[in-house]
Protein chains: 2
Amino acid sequence: MKRAENEAMTVGEVARLANVSVRTLHHYDEFGLLSPSERSEAGYRLYTPGDLERLHAVLAYRELGLELGAIQELLSDQAADPVEHLKRQEAVLNARLEKLLAVRRSLRKQMEAVHMGINLNPKELLEVFGDEDPTKHAKEAEERWGDTDAYRESQRRTKGYTKEDWLRISKESEAIEAGFAELLAEGVAPTDQRAMEAAEAHRRHISRCYYECGYDIHRGLAEMYLADPRFTAHYEQRAEGLAAFVSAAIIANAEARG
Amino acid sequence: MKRAENEAMTVGEVARLANVSVRTLHHYDEFGLLSPSERSEAGYRLYTPGDLERLHAVLAYRELGLELGAIQELLSDQAADPVEHLKRQEAVLNARLEKLLAVRRSLRKQMEAVHMGINLNPKELLEVFGDEDPTKHAKEAEERWGDTDAYRESQRRTKGYTKEDWLRISKESEAIEAGFAELLAEGVAPTDQRAMEAAEAHRRHISRCYYECGYDIHRGLAEMYLADPRFTAHYEQRAEGLAAFVSAAIIANAEARG
DNA sequence: CTTGACCCTCACGTAACGTGAGGCTCTAGG
DNA sequence: CCTAGAGCCTCACGTTACGTGAGGGTCAAG
């Protein structure tokens, strides 16, 4: 057992986990996109958790149709912190989603046309494919992204966060959580007006600082706070029952306003 | 001007229209997937409207990630009428959409984790990519589709439409349209209860026979009936003002129930 | 009758792996 | 201890869906 203290995984294990082929991992290694940080004495590739994280980013970008070279550039971009990557990924993904939705609209229009015995002319149907696929050939990806609404939107919110900004954001979330904890301590019900206001503040905070968070998405977060022990723990370590309280408040708020 | 009566288009024109490269069209020709039905005396490829229709189907399937060989099989499948193709495309597309939405959920979870200072373990993040991409390697596509919820759902509705079924469906839409026309003739307002019931019947008819049609999608159809002259004409030829009436009734119904 | 925009047919290049070939390495069982 | 089988290694050529010229006709305009 030359494997680093049970930490590292072999190619096969990683491949199964990420549902990619071993060859793919070899390829990424060869390409220099993802080289395992360790090797066993026998020369076996050993992937650390850190490597897995990188792999995750790679796969996320790949899923969005970026070329390996472009992915490499993005991942080696020093100026980009993890949140930046996540935002980029979401921006590209949103563009991709919009495209697919457009295709679906076109499909439904065709079905409706058949339904009504109408002949659509092929030219107009082809137009759906006309708007450039924003994920293809993503050289100068930065520029391209500037072209998508989603990215502009995302950028508009995050334009040049400075250290002070981050400090302020972190203080804000602190204040919001503290607010929840206080209400809980006072014995206020999560369906109370004040709890719902706290939930709304939480939602708006996310929307301002991270991503557009509608009521349905917010509801999803509420569920996760209870379903995922790590998120639960985050709240529980401040006060017992806080996770459930926050979750309930968010849901009540979503019901009321969403 | 050897071009067949102004009907056919050259590669370049088609390429621009469909936003693909000329080479791509050459490739499809060479591959036998889409050979223009005509050639000019000089040997220029000339695409007829029929060819454009086929190209549209090809691009739709391609957009969904199918391989050219698979697309060819599908398009040469005699047993499949146009509606069948559209349904297949929608089924695959829905699977693709679900996948992307899953990735987006994962991204948001990560952002939320950063937001809360939590460390997600890479293994679980990789799991998002774990569920097979239903569009990849679409040999025996039929079988694979049988694996996606969307397709089962779609199939469940359409299982073995016979000629009588089609006749019944066509009679149903006839009846629905006649119902609208009658209400219009009686001078009933589109916001009237009876008009909204007709709209609801229309929506349910589509849902039963074609695809899941929610209120928002239905609203989209209503807009299209006014925006696209061919759809407008379809209703107007039955009665003047019918297109606007149907459209208004659908919207009223969606507002009320959606 | 030339010029520029298109078109043709080869034909080789590329990206992201797939698919063996030939050969170590590791762990469980006899 | 030894062997089988599953897993790993490094070449290295194959594949898909085009990209990218090369070399050479075609066509409408001036």
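The values are calculated or read from the model by the stated rules, or taken from the named source; none is laboratory data. Since this is a predicted model, take the numbers as computed values, not measurements. Please note: Cβ atoms are built from the backbone with ideal geometry, for glycine as well, and neighbour counts cover all protein chains shown.
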Study note, to complete from the structure: Here the residues within region A:37-82 that are within 15 Å of DNA strand C (Cβ to nearest atom) and assigned to a loop (DSSP other than H, G, I, E, B) are A:SER40, A:GLU41, A:ALA42, A:GLY43, A:TYR44, A:LEU64, A:GLY65, A:LEU66, A:GLU67
Review point. Yes or no: B:GLU90 on the phi < 0 side of the Ramachandran plot, buried (at least 20 other Cβ atoms within 10 Å of the Cβ) and assigned to a helix (DSSP H, G or I)?
Key: yes
Study note, to complete from the structure: Taking region B:16-29 and keeping only residues that are modelled with pLDDT under 95 and within 10 Å of DNA strand C (Cβ to nearest atom), one is left with B:ARG16
Revision key, fill the gap. The residue from B:LEU107, B:LEU126 that alone is within 16 Å of DNA strand C (Cβ to nearest atom), aliphatic (A, V, I, L, M) and not in a loop (DSSP other than H, G, I, E, B) is B:LEU126
Review point. Listed residues B:ALA256, B:ALA252, B:ALA248, B:ALA244; which is part of a helix (DSSP H, G or I) and exposed (fewer than 14 other Cβ atoms within 10 Å of the Cβ)?
Key: B:ALA256
Point to revise | Qualifying residue in region A:150-158 (condition: among the hydrophobic types (A, V, I, L, M, F, W, C) and either loosely packed, with under 13 Cβ neighbours inside 10 Å or at pLDDT below 50 (or both)) | key: yes
Review point. Which of the following residues is over 21 Å from A:VAL114 (Cβ atoms), more than 14 Å from chain A (Cβ to nearest Cβ) and buried (at least 20 other Cβ atoms within 10 Å of the Cβ): B:ARG45, B:ARG23, B:ARG39?
Key: B:ARG45
Revision key, fill the gap. Exactly one of B:ALA60, B:ALA8 is modelled with pLDDT of 85 or more and in contact with a strand residue (DSSP E or B) (Cβ under 6 Å, 6 or more places away or on another chain), and that residue is B:ALA8
Review point. From the set of residues in region A:65-86 that are at the interface with chain B (Cβ under 8 Å from one of its Cβ atoms) and not β-branched (Val, Ile, Thr), which is farthest from the chain's Cα centre (by Cα)?
Key: A:PRO82
Exercise for review: Look at B:PRO49 and say whether it is of a type outside the set (S, T, N, Q), farther than 25 Å from B:ASN94 by Cα and in contact with a strand residue (DSSP E or B) (Cβ under 7 Å, 6 or more places away or on another chain).
Suggested key: no
**Study point:** Subset of region A:94-104 [free of Cβ contacts under 8 Å to residues at least 40 places away in the same chain and not charged (D, E, K, R)]
**Key:** A:LEU97, A:LEU100, A:LEU101, A:ALA102, A:VAL103
Revision key, fill the gap. Within region B:190-226, restricting to residues that are more than 21 Å from B:GLU240 (Cα to Cα) and of a type in the set (A, V, I, L, M, F, W, C), the one that is modelled with the highest pLDDT is B:ALA201
Study note, to complete from the structure: Checked pairs for region A:210-225, first more than 11 Å from every other protein chain (Cβ to nearest Cβ) and under 20 Å from A:THR191 (Cβ atoms), second outside any helix (DSSP H, G or I) and at pLDDT below 85, C-beta under 9 Å and 6 or more apart or across chains, list as A:TYR215/A:GLY258; A:ASP216/A:GLY258; A:ARG219/A:GLY258
**Study point:** Evaluation of B:LEU25 against (1) away from DNA strand D (no atom under 11 Å from the Cβ); (2) part of a helix (DSSP H, G or I) (one fails), failing number
**Key:** (1)
Review point. Which members of region A:169-188 meet the condition of being at pLDDT 95 or above, in a helix (DSSP H, G or I) and touching a helix residue (DSSP H, G or I) at 6+ places or on another chain (Cβ under 8 Å)?
Key: A:GLY179, A:PHE180, A:ALA181, A:LEU183, A:LEU184
